[in-house]
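First the structure, in the form of structure tokens, and then the observations on it.
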Amino acid sequence: MSSLQVELVAADRKVWEGEADMVQARTIEGELGILPGHTPLLGVLVEGDVRISTGGSTNVATIDNGFLSVDRDKVIIVAEAVDASQIG
Amino acid sequence: MGAQTRVYRQRIRAVNSTKKITRAMELIAASRVVKAQQRVRESSPYARALTRAVSAVATFSNVDHPLTTEKDDVKRAAVLVISSDRGLAGAYSSSVIRESEKLIGELREQGKEVVPYLVGRKAVSYYKFRKREYAQEWTGFTDQPTFEIAREIGETLVARFVQPEDEGGVDEVHVVFTRFVNMVTQEPDVIRMLPLEVVEGEEAPEPDDVLPLYEFEPSAEQVLDALLPKYVSARIFNCLLQAAASELASRQRAMKSATDNAEELVKKYTRLANQARQAEITQEISEIVGGASALADAS
């Protein structure tokens, strides 16, 4: 199975970039999970955690409101402020 | 030591200490401008992602958003002037203020009422000194702007733009700032921020890089609603960062020429001091010789 190219971008820097198997985020309408092969999507995110799962491990970043775009297995998560202290 | 040489020596000391200060300021500005440029670069992934998302929504949905709609009858226009907090940066502040005056003049000629918003103490003191009205000011950060401030400015301007006209809302928002071209060139520039012209020419998509048919969550209108104010803030942030880099670059240049001038002055005064000392010595010798020969003649 192919994997996702994930970019986590804050207003003043690129926080994280890499491959992942799954991305979970919280949109206005509720929790959203993205797997490889997802249709192109633009979603508005609310304050909460973004989980980026790679292999067995999961990276968690806390964001304030932002948005997320999925396009051909490329996921871009954009937020004004990102607390990435838990990203290794 | 004669009075004249003492004055020259004093001047040399004074110029030397000024030179030390300007040299230090030059070095500080030089190291900060590199950081400021880096911050401009670091903010670009965010701006790029936003631009792409906004143009995706605008391309694939026929949504008319208040922020993108041109008004037929423009009565009032807001102008955001981005200047610096501190001086000693050459013509930086005055050229951006001059550009804003030009724009305001043009807007007035078109029969629009102008509402100024000011960034930086230099612009504020320019307006206060002339006892002119302005809507709001933001000061104290111009060499290191943060995104929070950009967002605050963006929200203020968007709120004013959305307000109905008869309640004091504006129909246009212009931004005057200094574009950072490179280390030697910084140009004052005007952009019209609102109403937004969607699909900016800055990041033209590649021909084969067709934007996909997006699904919107929750809906195209709501996505646009959330994105456009962010887009405005991101563009204002970019203007602030470029202005900061320009401020530091022109300060570095101004301080470099001040240091060079100080060196020139020291050289000139040293020559004059030497000349004065030489003249003094010559005078003393001729006095001694004159005195000796007078004694010889008397005896």
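The values are calculated or read from the model by the stated rules, or taken from the named source; none is laboratory data. Since the structure is predicted, the reported quantities are computational estimates derived from the model, not experimental observations. Positions of Cβ are generated from backbone atoms using ideal geometry, with glycine treated the same way; all protein chains shown enter the neighbour counts.
Tabulated data for the structure shown
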quantity	calculated
Verdict on A:T39 being in contact with a Gly (Cβ under 9 Å, 6 or more places away or on another chain), within 14 Å of chain B (Cβ to nearest Cβ) and modelled with pLDDT under 90	no
Residues being modelled with pLDDT of 90 or more and more than 10 Å from every other protein chain (Cβ to nearest Cβ) - total across the range A:75-88	1
Condition met for B:L88 (surrounded by fewer than 17 Cβ atoms within 10 Å (Cβ to Cβ) and of a type outside the set (G, A, S))	yes
Which numbered condition A:M22 misses (of (1) touching a Pro at 6+ places or on another chain (Cβ under 9 Å); (2) aliphatic (A, V, I, L, M); (3) within 13 Å of another protein chain (Cβ to nearest Cβ))	(3)
The range A:58-88 - residue that is touching a strand residue (DSSP E or B) at 6+ places or on another chain (Cβ under 6 Å) and among the small types (G, A, S) and, of those, surrounded by the fewest Cβ atoms within 10 Å (Cβ to Cβ)	A:A84
Breaking point among (1) surrounded by fewer than 17 Cβ atoms within 10 Å (Cβ to Cβ); (2) within 22 Å of B:A234 (Cα to Cα); (3) modelled with pLDDT of 85 or more, for A:T54	(2)
Single unsatisfied condition, B:V176 versus (1) in contact (Cβ under 8 Å) with a residue 24 or more places away in the chain; (2) within 29 Å of B:A29 (Cα to Cα); (3) within 14 Å of another protein chain (Cβ to nearest Cβ)	(3)
Candidates B:A3, B:A58, filtered to the one that is of a type in the set (A, V, I, L, M) and over 30 Å from B:A220 (Cα atoms)	B:A3
A:G18 touching a helix residue (DSSP H, G or I) at 6+ places or on another chain (Cβ under 9 Å) and of a type in the set (G, A, S)	no
Residue in the range B:276-294 that is farther than 30 Å from A:A10 by Cβ, touching a residue at least 60 places away in the same chain (Cβ under 8 Å) and among the basic types (K, R) present	yes
Residues satisfying the stated conditions in the range B:249-285, i.e. surrounded by 14 or more Cβ atoms within 10 Å (Cβ to Cβ) and among the aliphatic types (A, V, I, L, M)	B:A249, B:A254, B:M255, B:A258, B:A262, B:L265, B:V266, B:L272, B:A273, B:A276
Some residue of the range B:119-138 being buried (at least 21 other Cβ atoms within 10 Å of the Cβ), touching an Asp or Glu at 6+ places or on another chain (Cβ under 9 Å), more than 11 Å from B:V81 (Cα to Cα) and assigned by TED's automatic domain parsing to the domain that holds B:V74	no
Residues being exposed (fewer than 14 other Cβ atoms within 10 Å of the Cβ) and aliphatic (A, V, I, L, M) - total across the range B:15-26	1
Residue in the range B:13-32 that is more than 30 Å from B:K122 (Cα to Cα) and either touching a Pro at 6+ places or on another chain (Cβ under 8 Å) or more than 14 Å from every other protein chain (Cβ to nearest Cβ) (or both) present	yes
Selection within the range A:31-65 - under 25 Å from B:Q222 (Cα atoms), out of contact with any Lys or Arg (no Cβ under 8 Å at 6 or more places or on another chain), not aliphatic (A, V, I, L, M) and not in a loop (DSSP other than H, G, I, E, B)	A:E31, A:G33, A:G43, A:R51, A:T62
